[in-house]
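The values are calculated or read from the model by the stated rules, or taken from the named source; none is laboratory data. This structure is a prediction, so every number in the text was calculated from the model and none was measured. Don't worry about glycine lacking a Cβ; one is built from the backbone with ideal geometry, like all the others, and counts go over all protein chains shown. Please note that ligands, DNA and RNA were not included when accessible areas were found on the heavy atoms of the full protein model with its side chains. Shrake-Rupley method; radii C 1.70, N 1.55, O 1.52, S 1.80 Å.
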Amino acid sequence: MAYTLNVNGRTVTADVDPAKPLLWVLREDLNVLGPKYGCGLAQCGACTVHIDGQPVRACITPISSVGTKRVVTIEAMENDAVGKKVQAAWSEIDVAQCGYCQAGQIMSATALIKSKPKPTDADINTAMQGNICRCATYTRIRRAIKRASGQSEA
Amino acid sequence: MTTTQTRRDTLKVSLGAGGAFVLGFTLAGKAGAQGLAAANAAPGKLNTYVTIAPDGIVSIIAKNPEVGQGIKTSLPMLIAEELDVDWSKVRTVQAIADQATYGSQLVGGSTAIPQHWQSLRRVGATARAMMIAAAAEEWKCPPGECATDAGQVIHARTNRKVTYGSLCTKAACITPPDPASVQLKASKDFKIIGRPTPQVDTAAIVTGQPLFGIDFKVPGMLYATYLKAPVFGAKVASADLAAAKAVKGVRDAFILDGSENVNDLMNGALAPGVAVVADSWWTAQQARAKLNVQWAAHPTSRSSSEGFLAQAQTMSRGAPLRTELKAGDPDPALASAAKTVEAAYHYPFISHANLEPQNCTASYKDGKVEIWSPSQYPEPAKAVVARQLGITARDVTINMVRGGGGFGRRLVNDSVVEAAAISKQVGAPVKVLFSREDEMKHDFYRAAGYHFLKGGVDSGGKITAWKNHFVSFGKNGAYSTAANISRTEFPARFVPNYQLDVSMIDGGIPTGFLRAPISNGVAFITQSFIDELAVAAGQDPMAFRLKMLDVPAAQTPGYDSARAIATIRKVAEMSNWGRRMPARSGLGMAFHFAHSGYFAQVAEVKVAANGDLDIVKVWSVCDVGRQIINPLGADNQVEGSILDGISHALYQKITVKDGAVQQASFGDYPLLRINKAPAIENHYILSDNNPTGLGEPALPPVIPAVTNAIFAATGKRIRTLPIDTAQLKA
């Protein structure tokens with residue numbers, strides 16, 4: 001099936017099986033490699049992208065369900081006012097260890113700050129619980145979200 | 001982070017294991033001086049590691065694989081410091097796998113900092129001396145009159161300055177000085193070492209640039225999945241290859257023969273299985289589901305976790321396979337002790353659970369193969385791949401690609417040999433990628449262990465006897481990988497009557513090194529049992545530990561108990577040890593020495609009436625020598641290790657049934673998530689010892705610190721991991 005998609009503000013096409021998950025269409029057919037494969041079961045969050053502004057696990061999202069909705073990945077966060085702040089906080093604090101999960105973390109954190117501009121610790125726990133960091137950079141993720149949302153980091 | 005300095009009377013001069021010899025070797029490579037001259041023919045190339053361009057940009061080779069430990073940043077920092085350049089002008093370049101040129105390229109054992117602390121600084125200092133020599137030649141002045149600063153040579157008397165960039169061609173033709181002869185900076189003059197420095201790949205990480213093995217693509221590359229038997233090493237009896245090949249997009253499907261022997265698998269040999277190659281990995285996975293593979297019988301197909309436990313219990317009642325160490329006479333000492341304690345402890349197999357699954361890209365053509373792998377130890381893969389493909393190791397080229405987590409899993413190059421074998425068979429470049437289920441079911445697990453302990457204390461509250469019958473895994477008297485305990489492992493030598501017995505189960509489960517190997521299980525056992533003995537003696541767990549460590553230094557070569565004591569005292573002070581705690585709250589303490597680092601940690605927990613466990617805070621104090629190379633990276637490693645240990649304590653457990661691992665995903669093998677991550681306070685004691693690594697040693701003590709805190713809060717002693725919170729109900 002040929003699909004016309006809106007990825008990072010561009011119209012693109014992919015001729016793929018309707019069941020193929022968005023993650024693999026992005027990575028294999030569109031060469032958008034920021035979203036990562038971690039589990040394929042929506043358990044780890046490494047594949048998180050925004051669809052119409054909502055954080056979504058691309059690994060369980062069949063391409064046939066995407067339609068013309070706006071798909072935004074880590075690659076476009078530099079053009080997003082909130083995303084850019086989140087990336088800056090992530091860089092300054094040097095959150096990453098291996099870095100593999102961080103694209104997904106940044107996508108979830110950006111969506112959180114957009115829905116709750118001053119997230120509390122409890123908000124952070126709820127919104128970020130779906131994103132595993134195997135290196136366990138959680139204390140820095142918490143600080144980076146506080147910094148990106150202009151709050152005290154203590 | 002916070003730091004304190006300690007100075008001690010004896011300055012220990014211990015060259016890093018790399019030492020000056022390695023430098024000479026790495027500078028010149030195999031070809032010696034001639035090779036060096038040839039290498040320097042390249043413009044601006046000063047030695048194997050350093051190239052300076054006319055615009056002043058300094059390229060520094062990052063010699064070791066990067067899997068998140070920060071070494072791609074911290075090793076080049078050592079060179080840049082002594083080269084005396086501005087860090088913003090440095091570009092790091094990942095080396096290829098080439099031990100003949102670079103020496104050992106291994107992520108493991110927290111060894112990189114101690115091995116390179118001297119040798120890579122000498123690499124930088126040697127290149128700096130060449131810059132000075134080039135400037136002095138131009139200025140016709142003695143080199144001794146020249147200084148350097150931020151990529152410039154300076155002649156103060158005549159107020160002349162010249163940039164490294166403009167000297168680079170000339171400097172590259174200077175004969176390098178003997179690395180052993182160059183003067184290294186005093187630590188007070190460091191400008192890069194000791195400065196919090198973000199990872200060199202941070203910008204690429206936060207913008208989602210392709211960096212990892214899984215992201216790597218070559219033209220014409222196909223994707224492969226490789227299905228292995230649930231029972232380790234079982235061969236393929238039959239498979240419906242036609243059904244897989246009928247799926248649109250599939251290029252080929254075939255059976256590969258491999259080793260049935262678990263020891264071979266632990267050394268990276270190809271496992272038997274079925275490969276499906278397609279133009280998409282997702283497609284290959286869909287086709288793999290149609291293979292309907294029948295697996296041949298295998299000798300270990302009946303093993304189970306329950307069976308291992310029963311075997312261990314039986315073994316504990318009999319004579320051990322052998323006694324690893326006996327000091328004094330433990331049996332009479334136990335008989336005459338004022339108080340004795342007997343306890344059985346157990347920790348399970350656990351999986352590395354790298355977030356980036358194992359993967360490798362290989363391109364075989366005309367008897368040569370080029371490989372792109374996030375391996376932690378690529379060099380040994382060359383011989384294994386060569387043997388598998390029937391070529392020579394010289395014809396195997398391995399490029400090192402950033403890995404999404406290592407933790408020891410990528411020390412085994414199973415994905416490398418799979419990719420190479422499949423590429424040869426299909427005649428095209430291939431990327432092999434494990435599914436999450438493959439990752440969970442085909443790991444080289446941290447070995448489970450069973451410890452049957454007896455201990456005795458005298459009326460003065462001192463430990464007089466310690467006996468451990470350790471039931472581990474192994475075959476024919478040889479331990480399975482990382483399933484051993486060192487004969488000198490603490491508390492050997494600290495207890496007058498000590499005995500370590502061992503028995504082994506032949507389980508057929510491949511084991512391997514997992515972050516803080518051996519220590520990650522043993523610290524739990526030892527530090528918990530010390531706590532039990534402290535309770536039996538009616539003593540404070542901290543005071544009891546200090547008393548235990550009070551032995552003459554000569555009695556414990558290689559274990560500096562004064563350093564351990566300093567960390568304990570400091571962590572007690574930071575955590576306000578001994579304070580009154582509310583009901584069902586408690587503090588627990590543990591210390592551990594591993595990977596040359598001394599750590600003491602205190603955990604504070606709160607246990608709800610329903611058993612829910614809240615780890616409120618962890619205080620950590622370490623002594624890893626006089627200098628923290630990159631405080632930003634160091635803190636991240638310490639905090640990550642502590643939370644990793646908490647993840648072991650709370651969740652991680654691999655079980656075996658019918659010879660196969662039962663867990664398949666993060667659903668049945670949970671990892672720590674942000675909502676359970678406690679606050680951490682971290683302190684470094686800067687003692688006058690050479691710096692050592694931080695990738696591992698912060699992990700082991702946190703587990704018993706937490707379980708000891710649970711005892712303080714509830715009176716329930718945790719003797720089996722992971723913690724069963726159902727036991728903790730009020």
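What to note about this one:
- Criterion violated by B:Asn263 - all others in (1) more than 20 Å from B:Phe349 (Cα to Cα); (2) surrounded by fewer than 17 Cβ atoms within 10 Å (Cβ to Cβ); (3) of a type in the set (S, T, N, Q) satisfied: (1)
- Pair list, Cβ under 6 Å, 6 or more apart: region B:139-151 residue within 11 Å of B:Asp84 (Cβ to Cβ), other residue aliphatic (A, V, I, L, M) and surrounded by 15 or more Cβ atoms within 10 Å (Cβ to Cβ): B:Ala147/B:Ile154; B:Gly151/B:Val85
Here's the yes/no breakdown for (1) open to solvent by 30 Å² or more (accessible area, probe 1.4 Å); (2) modelled with pLDDT of 95 or more; (3) of a type in the set (Gly, Ala, Ser); (4) under 22 Å from B:Gln663 (Cα atoms):
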residue: B:Lys228; (1), (2), (3), (4): no, yes, no, yes
residue: B:Val231; (1), (2), (3), (4): no, yes, no, yes
residue: B:Lys248; (1), (2), (3), (4): yes, yes, no, no
residue: B:Phe254; (1), (2), (3), (4): no, yes, no, no
residue: B:Gly258; (1), (2), (3), (4): no, yes, yes, no
residue: B:Ala275; (1), (2), (3), (4): no, yes, yes, no
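- Per the listing B:Ala203, B:Ala180, the residue uniquely small (Gly, Ala, Ser), modelled with pLDDT of 95 or more and open to solvent by 30 Å² or more (accessible area, probe 1.4 Å) is B:Ala203.
- Residues located in region A:59-82, provided they are hydrophobic (A, V, I, L, M, F, W, C) and outside any helix (DSSP H, G or I): A:Val66, A:Val71, A:Val72
- The residues in region B:121-140 that are over 41 Å from the mean Cα position of the chain (by Cα) and open to solvent by less than 30 Å² (accessible area, probe 1.4 Å) can be counted, and the count is 3.
- Top-ranked residue of region A:17-48 - restricted to ones that are in contact with a Phe, Trp or Tyr (Cβ under 7 Å, 6 or more places away or on another chain) and assigned to a loop (DSSP other than H, G, I, E, B), ranked as farthest from B:Leu355 (Cα to Cα): A:Lys20
- Any hit, region B:271-288, residues being over 30 Å from A:Asn31 (Cβ atoms) and either part of a loop (DSSP other than H, G, I, E, B) or not assigned by TED's automatic domain parsing to the domain that holds B:Phe232 (or both): yes
- Filter result (open to solvent by 40 Å² or more (accessible area, probe 1.4 Å) and more than 14 Å from chain A (Cβ to nearest Cβ)) within region B:281-295: B:Lys290, B:Asn292, B:Gln294, B:Trp295
- Conditions (1) within 14 Å of another protein chain (Cβ to nearest Cβ); (2) over 15 Å from B:Ala709 (Cβ atoms); number of the one not met by B:Lys617: (2)
- The selection criterion, being of a type outside the set (A, V, I, L, M, F, W, C) and within 12 Å of another protein chain (Cβ to nearest Cβ), holds for B:Asp438.
- Within region B:193-227, the residues that satisfy the criterion of being part of a helix (DSSP H, G or I) and facing chain A (nearest Cβ under 7 Å) are B:Thr202, B:Ala203, B:Ile205, B:Val206, B:Ile214, B:Asp215.
- All conditions but one from (1) assigned to a strand (DSSP E or B); (2) away from chain A (no Cβ under 14 Å) apply to B:Pro697; the one that does not is (1).
- Filter result for B:Asp240 (open to solvent by less than 60 Å² (accessible area, probe 1.4 Å) and acidic (Asp, Glu)): no
- Qualifying residue in region B:210-229 (condition: farther than 30 Å from A:Ala88 by Cα, in contact (Cβ under 8 Å) with a residue 12 or more places away in the chain, touching a His at 6+ places or on another chain (Cβ under 9 Å) and not aromatic (Phe, Trp, Tyr)): yes
- Taking the criterion of being open to solvent by less than 30 Å² (accessible area, probe 1.4 Å) and acidic (Asp, Glu), the only residue of region B:343-390 that qualifies is B:Glu356.
- Test for B:His648: is it open to solvent by less than 20 Å² (accessible area, probe 1.4 Å), under 22 Å from A:Arg142 (Cα atoms) and more than 12 Å from chain A (Cβ to nearest Cβ): no
- Meets criteria (out of contact with any strand residue (DSSP E or B) (no Cβ under 9 Å at 6 or more places or on another chain), open to solvent by 10 Å² or more (accessible area, probe 1.4 Å) and away from chain A (no Cβ under 14 Å)) for B:Pro429: no
- Among the residues of region B:651-686, those that are hydroxyl-bearing (Ser, Thr, Tyr) and either within 14 Å of chain A (Cβ to nearest Cβ) or crowded, with 22+ Cβ neighbours inside 10 Å (or both) comprise B:Tyr651, B:Ser665, B:Tyr669, B:Tyr684.
- Only one entry in A:Gly53, A:Gly34 is more than 30 Å from B:Ala664 (Cα to Cα), in contact (Cβ under 8 Å) with a residue 60 or more places away in the chain and either surrounded by 20 or more Cβ atoms within 10 Å (Cβ to Cβ) or more than 8 Å from chain B (Cβ to nearest Cβ) (or both), namely A:Gly53.
- Residues within region A:7-22 that are within 13 Å of chain B (Cβ to nearest Cβ) and at positive phi, tallied: 1
- Criterion (part of a strand (DSSP E or B), of a type in the set (S, T, N, Q) and under 22 Å from B:Pro210 (Cβ atoms)) met by exactly one of B:Thr361, B:Thr340, B:Thr323: B:Thr361
- Selection from region A:44-71 of residues that are closer than 18 Å to A:Gly130 by Cβ and either of a type in the set (Val, Ile, Thr) or not assigned by TED's automatic domain parsing to the domain that holds A:Val32 (or both): A:Thr48, A:Val49, A:Ile51, A:Val56, A:Ile60, A:Thr61
- Residue match in region B:74-84 (condition: in a loop (DSSP other than H, G, I, E, B), of a type in the set (Val, Ile, Thr) and either modelled with pLDDT of 95 or more or in the same structural domain as B:Gly693 (by TED's automatic domain parsing) (or both)): no
- When we screen B:Ser119, B:Ser110, B:Ser88, B:Ser59 for residues that are farther than 30 Å from B:Ser519 by Cβ and either in the same structural domain as B:Asn630 (by TED's automatic domain parsing) or touching a residue at least 12 places away in the same chain (Cβ under 8 Å) (or both), the only hit is B:Ser59.
- Counting only residues that are assigned to a loop (DSSP other than H, G, I, E, B) and surrounded by 24 or more Cβ atoms within 10 Å (Cβ to Cβ), region B:465-480 holds 1 of them.
Listed here are the residues, each with its yes/no results for (1) closer than 20 Å to A:Leu41 by Cα; (2) over 15 Å from the mean Cα position of the chain (by Cα); (3) within 10 Å of chain B (Cβ to nearest Cβ); (4) not polar (S, T, N, Q).
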{"site": "A:Ala88", "(1), (2), (3), (4)": "no, yes, yes, yes"}
{"site": "A:Ser115", "(1), (2), (3), (4)": "no, no, no, no"}
{"site": "A:Lys118", "(1), (2), (3), (4)": "no, yes, no, yes"}
{"site": "A:Arg142", "(1), (2), (3), (4)": "no, yes, yes, yes"}
{"site": "A:Lys146", "(1), (2), (3), (4)": "no, yes, no, yes"}
{"site": "A:Ser149", "(1), (2), (3), (4)": "no, yes, no, no"}
